[in-house]
Amino acid sequence: MTSKEFFYRLATAIYRIDNAYDRFAKDGKLKPNTMWVLYALSDGKAHSQRTLCKEWQFARSTLNTIVGECVRDGLVTLEQIEGERRELEIRLTQKGREYSAQVLAPVYEAESRLYESFFGGKGDEFVKGLEAFGNEMERQYSRYGSEEKDI
């Protein structure tokens, strides 16, 4: 396999995975980006806008829109982070936790089945390798002058 064939196949696999998550979101009557915000926040930890943008690759304007909608719907709260002037902490409310558990249940069930059938306890090795690959890919592409931009 050539590098071009490898990256073509990798890209199509990634887009199939992304499309599957989009279908989960739409089946749950959610916008895909809203599903990902709820997914990220469902770990029970507080997240700043900056952290979510960096870890999940959200454009800041997209995240602000989603968070605003979630605040309006009573799903999240925003709190000032001590020592920060402009950065806010985003947390799920009780309503948000219950709603997230409900709409994300099919996602978690499918992920659990896939994890067992494909990785059987070796998922950590796969993810570590993929993370290292992603980090190196970012480093390689940064050589070409691209910077983080809101598109």
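Shown for Thr51, Thr34: other C-beta atoms within 10 Å of each C-beta, ranked fewest to most, produce the order Thr51, Thr34. Taking amide H atoms as placed 1.01 Å from N in the peptide plane, the amide H of Leu75 has no partner under 5 Å among residues 5 or more positions away or on other chains.
Of the residues Val127, Val37, Val103, Val71, the one with the fewest other Cβ atoms within 10 Å heads the list, and the complete ranking is Val127, Val71, Val103, Val37.
This structure gives percent of Cα pairs over 29 Å apart, computed directly, and of [x] 27; [y] 40; [z] 11 that value is listed as [x].
Long hydrophobic helices in the chain, taken as whole DSSP H segments with a C-alpha length of 27 Å or more on their own axis and mean Kyte-Doolittle hydropathy at least 0.0, are absent.
Per residue, the average separation of C-alpha pairs within less than 8 Å and at least 6 apart gives the stretch 1-130 a relative contact order of 21 percent. Taking a straight line from the alpha carbon of Lys45, these aspartates and glutamates sit under 19 Å away, with near neighbours fewer than eight places off in the same chain left out: Glu55, Glu79, Glu82, Glu84, Glu87, Glu89, Glu98. Taking amide H atoms as placed 1.01 Å from N in the peptide plane, the amide H of Glu89 lies under 5 Å from those of Glu79, Gln80, Ile81, each 5 or more residues away in sequence or on another chain. Residues considered: Lys122, Lys29, Lys95. Largest GNM mean-square fluctuation over the chain, using C-alpha springs under 10 Å, is found at Lys122. Give, as ranges by residue number, the residues of the stretch 57-84 whose backbone N falls under 15 Å from the point 7 Å along Cα→Cβ of Gln94. Counting only backbone N, you get 74-77.
Residue exposure proxy: Ile14, Ile66, ordered by other Cβ atoms within 10 angstrom of their Cβ from fewest to most, comes out as Ile14, Ile66.
So what's the gap between the Cα centers of the stretch 1-45 and the stretch 48-98, to the nearest angstrom? About 20 Å separates the Cα centre of the stretch 1-45 from the one of the stretch 48-98.
No value in this document is a laboratory result; all are computed from the given coordinates. Since this is a predicted model, take the numbers as computed values, not measurements. Heads up, the Cβs are rebuilt from the backbone with ideal geometry, glycines too, and the neighbour counts pull from every protein chain shown.
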